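**Q** One structure, as structure tokens, below. Some questions next.
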Amino acid sequence: MNPKQIRNFYINEEQSVYLLSHHDAKKHRQWLNICIKQLTLLGYSDVELIGSGAFGFVFAGVDDENLPWVFKFSRITLAQSVRDRLEDEAYMLSQVKNPLVPKFYAFERIKKQGILMMERALGEDLEKISIKQGRFSAAKVMALALRLRNVLLDLREHKNGLSPRPIVHGDIKPSNIVYDEQTNKLSLVDWGSSVYAQIDAEGNPVASNFMDLMSADISTTNARMGDVYFIGDEQMSGGQSSPRFDEQGVASTLYALASAQSCRFGAAVIPATSLNLPMELARVIDGMLSKDKATRDGAGDYFMRNMPTMAKAYLPELPRKVIRPYIPYWFSEFDEHPDTVVYSSRKQFLRQADHNQQLLDVNDAQLDRYYKEFLF
């Protein structure tokens, strides 16, 4: 199977299917079918679209050896500097050899489009699992903490030859951690924010030799922005990349899953010590999420040093109190995707949704301008 046979793929920008005209929605589905057909002709089976966004789209398939693959395509409509980020992601992924990180297979650039081919992480991401089951038990949080600590240790001990080159993932969060319940396998995905660390955990510059240290620009950062709901203060403020970034991501992830929230911001009001976690781990998480840098760094060092010992604690499954939600919900008997809704124009969509008749005095030209400038 030759990956170089893959040609350009195109998926239109992400947009609600309800706002597409019938013609555009039909064209959208045709593009999806063309992409699936192209990968099928190359010998891949069970091809499906598993994600798309502003920067690209992702297909999955199974090769002739029954191995799951992922194909990440950059959008050809983006600026070259933005498209190059997929190649950067491919390079950083190729540098990491860890059982909790998907294997890198290949990267191809066909005309203006980059294509990253890698192992597929099977299962569901922890964000979806958290939404389904609510707060994670203490045993699950402890087991996850140990696995993530081991990944962080591997990344900060990474070397190029004999020279230390710590790697920063830069975007650790529940939705970037995939768990397969059948195999109990955990995978850390989405390496688009990954870079080589500029400083180590102690704040010292990382350089392979004296000349590199002299030529390094200590006033700029190579760090990339991760999810603002999970990254720490240094990464948010544009500090130089450091393994401390990923400590913050891990602490935020553990707190979010233990509290059934989708961010780290509740830690000041609902501390980890109130979430029925082992007190030692809870205090470490609270310390890592502290606003004081010395406290954060001290807690991070304790986490990296003592997590294997903390994980040996006996944590039985405790009976969970059933919490009745205030907002009613129900499950549908049918597992069907919503179909398109046909409108002759986007203006008609807005007018039809105007139940309070607030748009009666607005002419079509004004409404069209409003749609373009404010709704997107």
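The values are calculated or read from the model by the stated rules, or taken from the named source; none is laboratory data. Everything numeric here is computed off the predicted structure, so don't read it as measured data. Every residue, glycine among them, receives a Cβ derived from its backbone with ideal geometry; neighbour counts consider all protein chains shown.
**Q** Which one is surrounded by the fewest Cβ atoms within 10 Å (Cβ to Cβ), of the residues in region 98-122 that are assigned to a loop (DSSP other than H, G, I, E, B) and out of contact with any helix residue (DSSP H, G or I) (no Cβ under 9 Å at 6 or more places or on another chain)?
**A** LYS111
**Q** Restricting attention to region 71-89, and to residues there that are closer than 22 Å to VAL168 by Cβ and of a type in the set (A, V, I, L, M), which single residue is surrounded by the most Cβ atoms within 10 Å (Cβ to Cβ)?
**A** LEU86
**Q** Let me ask something else. Determine whether ASP180 is acidic (Asp, Glu) and modelled with pLDDT under 90.
**A** No; evaluated as a whole, the condition is false for this residue.
**Q** To continue, here is another question. Being within 14 Å of GLY232 (Cβ to Cβ), in a loop (DSSP other than H, G, I, E, B) and in contact (Cβ under 8 Å) with a residue 12 or more places away in the chain, is that true of even one residue in region 256-265?
**A** yes
**Q** Within region 160-177, track down each residue that is surrounded by fewer than 22 Cβ atoms within 10 Å (Cβ to Cβ), over 18 Å from GLN240 (Cα atoms) and modelled with pLDDT of 90 or more.
**A** Matches in region 160-177: SER175 only.
**Q** Across region 227-255, what is the total count of residues that are part of a loop (DSSP other than H, G, I, E, B), touching a residue at least 40 places away in the same chain (Cβ under 8 Å) and either touching a Phe, Trp or Tyr at 6+ places or on another chain (Cβ under 9 Å) or under 19 Å from PRO174 (Cβ atoms) (or both)? Step through it out loud before you land on a result.
**A** Filtering region 227-255 down to residues part of a loop (DSSP other than H, G, I, E, B) leaves 227-232, 237-243.
After this cut, where a residue has to be touching a residue at least 40 places away in the same chain (Cβ under 8 Å) as well, the list is 227, 229-232, 240-243.
Then keep just the ones that are either touching a Phe, Trp or Tyr at 6+ places or on another chain (Cβ under 9 Å) or under 19 Å from PRO174 (Cβ atoms) (or both); that gives 227, 229-232, 241.
Qualifying residue count for the region: 6.
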